[in-house]
Amino acid sequence: MTLSLPTSTPTSSEVQTPVVSAADLRDRQDLGFMQAALEQAAHARALGEVPVGAVVVRDGEIIASGFNQPIGRHDPSAHAEIMALRAAAEKLGNYRLPGCELYVTLEPCVMCSGAMMHARLARVVFGATDPKTGACGSVLNLFAQEQLNHHTQVQGGVLAQECGDLLKAFFAERREQLRLKRLQAAAASAEQNPIDD
Ligand SMILES: [Zn+2]
């Protein structure tokens with residue numbers, strides 16, 4: 001009896017595996033987490049607050065989230081990032097959040113950027129830029145101050161269009177509501193004080 005050995009074995013090139021580079025994977029994860037931050041922003045909008053949302057991520061998982069709510073909370077510090085940082089710190093039982101990433105739909109302000117540096121976040125990813133109060137490059141760049149920032153990387157522009165459109169729609173709606181209110185007030189005043197001629 002003779003044993004016949006296989007004449008050929010499948011080579012690794014015949015096995016089809018999708019090739020995803022580390023950079024591609026990071027980009028995909030960034031999109032997914034920014035989408036989650038957008039869902040948080042929708043909560044703010046539903047309450048009549050400027051729609052900004054944030055999530056904190058550790059080891060590829062969302063551990064905390066927050067949305068902008070300074071009006072409802074009577075709290076000037078209740079920005080989305082601060083709400084998310086507080087929830088994350090509470091969850092981890094640590095005032096520092098090393099190894100964590102924060103995703104926020106709008107470029108952080110000075111206050112939030114400062115809080116992120118105190119938390120020693122590994123990375124901040126934001127969506128739309130904020131030419132009025134942005135502290136990651138628009139008005140100034142706090143993170144570029146090497147005396148202040150030793151821990152946090154910053155990246156902007158992830159789903160920037162979607163994040164910006166949400167804000168634009170909110171402000172357009174608010175302007176329209178104000179316009180209607182003024183028209184109603186003018187009509188009511190004309191009714192009370194008819195001009196007799
Ligand atoms: Zn802020």
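Straight-line reach from K132: which aspartates and glutamates fall under 14 Å, measuring Cα to Cα and dropping same-chain residues less than 8 apart? Within the straight-line cut-off, K132 pairs with E107.
Please report the spacing between the Cα centers of region 29-64 and region 87-132 in Å, no decimals. That distance is 12 Å. By the rule of a C-alpha distance below 25 Å, with chain neighbours fewer than 8 residues away ignored, the lysines paired with K181 are K168. Magnitude of the charge dipole for the chain, about its Cα centre and with charges confined to Cβ atoms of Lys, Arg (+1) and Asp, Glu (-1), is about 400 debye. Stokes-Einstein diffusion for the chain, with the hydrodynamic radius set to the Kirkwood value over Cα pairs and evaluated at 4 °C in a medium of 1.567 mPa s, equals 67 µm²/s. Per residue, the Cα convex hull of region 113-169 amounts to 76 Å³.
Taking only complete DSSP H runs, can you tell me which helices of the chain stretch 30 Å or more along their own long axis by Cα positions and average at least -1.0 on the Kyte-Doolittle scale? Helices meeting the span and hydropathy rule in the chain are 22-46, 160-192. Within region 87-196, the proportion of C-alpha pairs whose separation exceeds 16 Å stands at 67%. Given +1 at the Cβ of Lys and Arg, -1 at the Cβ of Asp and Glu and no other charges, the dipole of region 38-140 around its Cα centre is 200 debye to the nearest 20. For the chain, a Gaussian network of Cα nodes joined below 10 Å ranks Q153, Q177, Q40 by mean-square fluctuation, and the top entry is Q177. In summary, the aspartates and glutamates within cross-link reach of K91, defined as a Cα separation below 20 angstrom excluding same-chain residues under 8 places away, comprise D59, E61, E81, E101. Taking each pair of different alpha-carbon atoms in region 18-106 once, compute 1/r for the pair, average those values, and report the inverse of that mean as the Kirkwood hydrodynamic radius in Å to one decimal. Over region 18-106, the inverse of the mean reciprocal pair distance is 13.4 Å.
Spin-label model, D24/A185: points 7 Å from Cα along the beta carbon direction are separated by 5.7 nm. To check you understand DSSP bridge types, tell me what percent of the beta bridges within the chain (both residues inside) are antiparallel, rounded to 5. Within the chain, antiparallel bridges account for around 60 percent of the total.
Since every read-out is calculated from the coordinates, none of them should be taken as a lab result. Computed from a prediction, not measured in an experiment: that's the story for all the values here. Virtual Cβ from ideal backbone geometry, glycine too; neighbours counted across all protein chains shown.
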